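Report on one structure; see the data block that follows.
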Amino acid sequence: MKDNFSRSVIIALNDIQLQTALDRGTTRGVNNRIVAMGETTDANALRHQARLARERALNHLPDLLQQLERNVIANGGHVLWARDAAELNQIILDLCRKHDVRRVTKGKSMVTEESELNHALEANGIEVTESDLGEYIVQLAGETPSHIVFPMLHKTKEATAQLLHDKLGMPMTDKPEDMTRFVRGVMRRKYLEADMGISGVNFAIAETGTIATVENEGNNRLSTSTPRVYVAVMGIEKVIATWEDYAVLVQLLARSATGQRLSVYNNLMSGPRRADEPDGPDVFYLVIMDNGRSRILGTEYAESLACIRCGACLNACPVYQNIGGHAYGWVYPGPIGSIVTPLLLGPTRAPKLPYASSLCGACQAACPVEIAIPDMLLRLRRDLVQAGDPTPGWRIGMWLWATAFKSPVLYRLGGKMAGMATRLLAGRSGKIKSLPPPFDAWTKQRDFPAFAESSFRERLKRRRGKQTDA
Amino acid sequence: MPSAREDILSRLRRAVAQQPTFPNRPQAPYLPVTRLAPDEDLKARFIAEVERVKGTVHVAPDDAAARRTLRELLAGRNAQRVTMWDEAHIPLPGVTALLQELGIERIQGSNAEVATADAGITGADWAIATTGTLVLSSGPGKPRMASLLPPVHIAVLTEDRIVPRLEDYIAAQRAQRLGVFRRSSNVTLITGSSRTSDIEMHPVFGVHGPLELHVILIENLSEMG
Ligand code: SF4
């Protein structure tokens with residue numbers, strides 16, 4: 001990735017369409033999660049239970065991967081290993097050749113986003129179709145996903161309709177229902193023609209060699225059941241020990257990601273079609289990719305590997321809510337992306353991401369596996385400073401805030417950004433010692449309409465009071 | 001040169017060798033996720049949960065009523081072609097005869113053919129009350145496509161197959177040494193109708209999976225004495 005974070009942020013903040021989409025989307029996401037977690041037996045106890053399940057899996061990672069491998073083979077499947085993204089793409093290309101594959105449908109897979117598999121396949125004359133509705137629209141637009149659960153969160157329904165109209169001749173409509181039905185028709189043919197289906201993996205259950213995927217649309221079920229070759233692709237950290245672990249994790253994932261009790265289709269794949277089964281893929285491969293993850297295990301960042309990619313921390317994050325996913329520059333946006341991206345790509349490739357946070361703690365509070373995201377962001381900042389990073393972090397933080405302050409979408413952002421800025425300022429030293437120039441300018445303009453939010457004024461007064469007391 | 005597999009595994013072994021990455025913390029017995037009243041009526045809860053996720057449950061007091069419901073569902077959709085599990089795996093006798101009587105053709109064979117069916121009829125291994133979930137495993141006479149390709153999925157279920165929670169389903173499989181997850185290439189937990197929230201997180205039902213989900217729930221005979 002290129003480090004053009006600052007530029008991307010300015011573009012994002014000035015993009016009215018993006019701001020509208022983010023506002024509508026993240027608000028629903030946060031509300032859905034809060035309601036769904038509140039309806040459980042004991043949300044905090046369950047999060048802790050889920051956390052322990054992930055910790056145990058990471059503590060025994062090499063053993064569990066080997067157990068998984070043995071059981072996949074016992075089920076009649078094959079297991080292949082990839083050190084990095086290039087090896088992963090080569091493995092899949094080789095499989096395409098071996099099985100004479102012309103057309104591929106893909107269920108959602110973040111790992112193949114890491115490796116940019118679609119480009120590799122297309123460069124070799126293989127047609128790839130993303131089958132998740134959001135991923136498909138993103139692919140059609142020639143874009144990349146902006147959220148790990150809602151890939152087209154950056155797009156409004158109006159823009160989606162225009163795209164489907166322009167590219168596929170869909171009659172114009174403003175109803176998501178009509179757009180969805182239209183895409184269903186297009187995709188149906190793709191599934192039936194595909195030679196290979198590729199999917200990501202949400203959990204790999206070691207004790208039976210079962211691949212679990214989680215989805216709502218049915219595209220993943222179709223991609224993993226209809227084509228004659230099925231390839232599942234996972235990062236090494238996706239393995240879990242037991243079915244009891246699966247039961248808690250899969251339920252917290254659904255509740256945290258979308259507010260559902262369970263996602264519509266929880267697909268559990270154990271090898272290829274058995275001789276006596278009437279349908280399903282003839283061949284099954286599991287590809288296990290490292291791509292930098294083994295470097296993280298055993299370090300103080302190991303808990304980032306516990307992530308189950310629910311996206312709750314993205315929705316909850318005041319920075320993500322304002323800049324969206326693309327500004328983060330790589331596959332994993334939001335708070336967890338700000339940790340995982342520098343860890344996987346190397347700190348110098350994304351030096352600004354650890355600062356793209358107000359350390360407000362909303363991410364950690366939302367996380368179903370209790371990942372201490374703010375702590376890790378601070379450690380990453382420390383690492384950057386120790387490595388002689390030329391840009392002091394607080395400057396980027398201030399810049400982020402000041403930029404947002406000046407942007408034309410100020411009206412709607414006001415409350416959120418202000419809260420973020422005060423937390424950022426207070427977060428550095430515990431107190432605000434002096435108010436920096438843009439802030440100071442605002443305090444003079446008392447009648448500035450965007451910040452009429454009284455809670456902000458109260459907070460500001462409180463902060464200033466604290467300052468005088470000190 | 002070591003293989004990628006050896007490389008990755010040895011790196012991981014080195015990482016976990018010195019000390020475990022996380023302290024080994026004792027694990028208390030698992031707390032189940034969903035709430036359940038001590039006197040919960042599982043049938044009522046299951047029906048309520050399925051309807052929340054845009055499925056329809058048709059309660060049938062006996063087989064004859066279940067067949068009447070099935071007939072209405074098929075006739076109401078003007079179904080000409082139906083794909084289904086073998087009758088042995090559907091807990092309702094007389095489905096084949098009913099299709100013949102209605103002049104409905106039974107489709108089997110390639111995915112492309114099955115995709116032309118107007119409805120798919122299946123049984124279900126289990127149902128989960130607190131989440132409104134159906135559990136379907138693949139196996140001889142139990143094609144995956146019957147619950148996947150047709151626009152309408154009709155699952156026939158007897159009340160005694162309802163367990164309270166996902167955790168209870170897993171415990172039951174544990175008691176059977178997890179055999180189903182080794183035997184069946186596919187087990188699917190179906191919770192409601194195919195849906196998406198991709199467009200502005202606005203829920204839309206009927207995406208790539210079936211547009212309609214119907215459960216014909218046959219009540220227990222024992223209840224009627
Ligand atoms: S860090 Fe936690 S909240 Fe964020 S995506 Fe991962 S599991 Fe979800």
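The values are calculated or read from the model by the stated rules, or taken from the named source; none is laboratory data. Since the model is a prediction, treat every value here as computed from it, not as a measurement. Please note: Cβ atoms are built from the backbone with ideal geometry, for glycine as well, and neighbour counts cover all protein chains shown.
When only residues in the range A:321-336 that are within 9 Å of the chain's Cα centre (by Cα) and more than 9 Å from the ligand (Cβ to nearest atom) count, which is nearest to the other protein chains (Cβ to nearest Cβ)? Ranking the candidates gives A:Gly325 first. None of A:Asp178, A:Asp174, A:Asp132 is among the charged types (D, E, K, R), within 10 Å of chain B (Cβ to nearest Cβ) and over 30 Å from A:Gly77 (Cα atoms) except A:Asp178. Of all the listed residues (A:Gly329, A:Gly346, A:Gly292, A:Gly298), the sole one being closer than 21 Å to B:Ser10 by Cα, surrounded by fewer than 24 Cβ atoms within 10 Å (Cβ to Cβ) and modelled with pLDDT under 90 is A:Gly298. Reported count of residues in the range B:188-210, each being within 26 Å of A:Pro272 (Cα to Cα), surrounded by 24 or more Cβ atoms within 10 Å (Cβ to Cβ) and hydrophobic (A, V, I, L, M, F, W, C), is 2. For beta carbons closer than 6 Å, sequence separation of 6+ or different chains, a first residue in the range A:297-320 that is within 13 Å of chain B (Cβ to nearest Cβ) and at positive phi and a second that is part of a loop (DSSP other than H, G, I, E, B) and within 9 Å of the ligand (Cβ to nearest atom), the qualifying pairs are A:Gly311/A:Ile148; A:Gly311/A:Val149. Identify all residues within the range A:370-379 that are in a helix (DSSP H, G or I) and within 8 Å of the ligand (Cβ to nearest atom); write none if there are none. Of everything in the range A:370-379, just one residue is in a helix (DSSP H, G or I) and within 8 Å of the ligand (Cβ to nearest atom), namely A:Ile373. Taken over the range B:35-53, the criterion of being at the interface with another protein chain (Cβ under 8 Å from one of its Cβ atoms) and within 30 Å of A:Ala57 (Cα to Cα) is satisfied by B:Arg35 alone. Here is the figure for the range B:1-34: residues that are assigned to a helix (DSSP H, G or I) and within 7 Å of another protein chain (Cβ to nearest Cβ) total 10. Look at the range A:248-263: where a residue is more than 17 Å from B:Arg52 (Cβ to Cβ) and modelled with pLDDT under 95 and a partner is in a loop (DSSP other than H, G, I, E, B) and within 12 Å of the ligand (Cβ to nearest atom), sitting 6+ places away or on another chain with Cβ atoms under 6 Å, you get A:Ala257/A:Val149; A:Ala257/A:Cys310; A:Ala257/A:Gly311.
For the range A:275-293, a tally of residues being away from the ligand (no atom under 16 Å from the Cβ) and either assigned to a loop (DSSP other than H, G, I, E, B) or of a type outside the set (A, V, I, L, M) (or both) returns 13.
Residues that are farther than 21 Å from A:Lys108 by Cβ, within 13 Å of the ligand (Cβ to nearest atom) and assigned to a loop (DSSP other than H, G, I, E, B) within the range A:294-316 comprise just one, A:Tyr301. Considering only residues of the range A:353-369 that are in a loop (DSSP other than H, G, I, E, B) and near the ligand (Cβ under 8 Å from one of its atoms), which is farthest from the other protein chains (Cβ to nearest Cβ)? My answer is A:Cys367. For the range A:146-193, the set of residues classified as among the charged types (D, E, K, R) and either in contact with a strand residue (DSSP E or B) (Cβ under 7 Å, 6 or more places away or on another chain) or more than 28 Å from A:Val30 (Cβ to Cβ) (or both) consists of A:Asp166, A:Lys167, A:Glu177, A:Arg181, A:Arg184, A:Arg188, A:Arg189, A:Lys190, A:Glu193, listed by residue number.
Can you confirm whether A:Arg83 is in contact with a His (Cβ under 9 Å, 6 or more places away or on another chain) and within 8 Å of chain B (Cβ to nearest Cβ)? No: the conditions fail for A:Arg83.
Might you check whether a residue that is more than 9 Å from every other protein chain (Cβ to nearest Cβ) and either without any contact (Cβ under 8 Å) to a residue 12 or more places away in the chain or under 11 Å from the mean Cα position of the chain (by Cα) (or both) occurs anywhere in the range B:162-175? Among the residues of the range B:162-175, at least one is more than 9 Å from every other protein chain (Cβ to nearest Cβ) and either without any contact (Cβ under 8 Å) to a residue 12 or more places away in the chain or under 11 Å from the mean Cα position of the chain (by Cα) (or both), which makes the answer yes.
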